[in-house]
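Accompanying notes for the structure given below.
Laboratory data are not the source of any read-out in this text; all were calculated from the coordinates shown. Note that the coordinates shown come from a computational prediction; the quantities given were computed from them, not determined experimentally. In this analysis, Cβ positions are derived from the backbone assuming ideal geometry, glycine residues included, and neighbour counts consider all displayed protein chains.
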Amino acid sequence: MSVLRVRNLSKAFGGVHAVEDVSFDVGEGEFLALIGPNGAGKSTCFNMINGQLAPDRGDIEFADRSIVGCKPRDIWRLGVGRTFQVAATFGSMTVAENVQMALVSHHNEIFRFGAAFAARHRERAVELLAQVGMADAAERACKELAYGDVKRVELAIALANEPRLLLMDEPTAGMAPRERNDLIGLVKRLVIERRISVLFTEHSMDVVFAYADRIIVLARGVVIADGNAEAIRDNAQVQQVYLGTGRAFTPAAGARP
């Protein structure tokens, strides 16, 4: 069963075709990596799925309904979580308060923010922090945390809307090797335990090949490979485009609209 269906997704910026006729599905409980060199179109795909960019053409279905034209907050409330390449939390607020803010938004209570906020969804916020190993830091200000711990808080925030699909853009960017594997191992455990589907971009190939159930490779806006780690590792075009220089790759004739 597919949670997300992307069909013929295309986006151009002036004369630059960032994404061209990209199609793929994300299955229920699947841990799917979307990889490619810089400029391949990964973040553009993410931003269209998340509603931050409108596609020029194509369709995006989540849970059997089209979400093209929906605003990011509406997609969030449908059950799509998101983390970003550069983690963004409220540094002056505590770890727990950051997660409480996400829970307030999830319950559509944002306009009732006030003096009673300290107790609002507090128990649930601590539960989410415990799931990502950050419950002991609940009372610390986010600005005091190491970057790897901020990434864990961001994950707890993304889980606040009980997502069926989690989009993770470069989740281990800026992290040391051990932190990278700890975080992705944690996410993979959540995928298995909660049947969350995950679509993630990642430049660390050790993480991708160790944890992804399936890998899609983009180059200059088009899909050039889709398969398991072994198939992707042995793909000659992937080796040329992604693991090599990629300078010789040109999209096939007719790939551009």
Open item on the list: Let me spell out the model: positive unit charges on the Cβ of Lys and Arg, negative unit charges on the Cβ of Asp and Glu, origin at the Cα centre of the chain. What dipole size does that give, in debye rounded to 20?
Closed with: 460
Task: Degrees between helix 177-194 axis and first principal axis of the chain (Cα, 0 to 90, nearest 10) - done: 80
TODO: Among the lysines, select those whose C-alpha is under 23 Å from the C-alpha of LYS188, and discard any that sit fewer than 8 residues away in the same chain.
DONE: LYS42, LYS151
Open item on the list: Show me, bin by bin at 5 Å from 0, the whole-percent P(r) of the stretch 87-161 based on Cα pairs.
Closed with: 3, 19, 32, 26, 14, 5, 0
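Please report the antiparallel percentage of the DSSP beta bridges confined to the stretch 67-215, to the nearest 5.
Working: 1 of 10 bridges.
Counting DSSP beta bridges with both partners in the stretch 67-215, the antiparallel share is about 10 percent.
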Task: Highest-MSF residue in the chain out of ILE215, ILE192, ILE157 [GNM, Cα springs under 10 Å] - done: ILE192
Open item on the list: For the chain, what does the relative contact order come out to in percent, with C-alpha contacts under 8 Å and a separation of six or more?
Closed with: 27
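Multiplying the sequence separation of LEU186 and GLN52 by 0.36 nm and subtracting their Cα-Cα distance, what value in nm do you get?
Numbers: separation 134, 0.36 × 134 = 48.24 nm, distance 2.72 nm.
Full extension from LEU186 to GLN52 adds 45.5 nm.
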- [ ] Compute the acute angle (0 to 90°) between the alpha-carbon long axis of helix 147-158 and the principal axis of greatest extent of the alpha-carbon atoms of the chain; round to the nearest 10°.
- [x] 90
Task: Among GLY51, GLY39, GLY27: highest mean-square fluctuation, GNM of the chain, C-alpha pairs under 10 Å - done: GLY39
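How would you rank LYS42, LYS71, LYS188, going from fewest to most other Cβ atoms within 10 Å of each one's own Cβ?
Values: LYS42 27, LYS71 12, LYS188 16.
Ordered by Cβ neighbours within 10 Å, fewest first: LYS71, LYS188, LYS42.
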Open item on the list: Out of all DSSP beta bridges in the chain, what portion is antiparallel? Express it as a percent rounded to 5.
Closed with: 55
Task: Proximal aspartates and glutamates to LYS143, defined as alpha-carbon separation beneath 17 angstrom and excluding residues fewer than eight positions away on the same chain - done: GLU97, GLU154
Open item on the list: What is the angle, in °, between the Cα long axis of helix 122-131 and the longest principal axis of the Cα atoms in the chain? Nearest 10 is fine, range 0 to 90.
Closed with: 50
TODO: Amide H neighbours of VAL68 under 5 Å, at least 5 residues apart or on other chains, H built in the peptide plane: list them.
DONE: ILE60
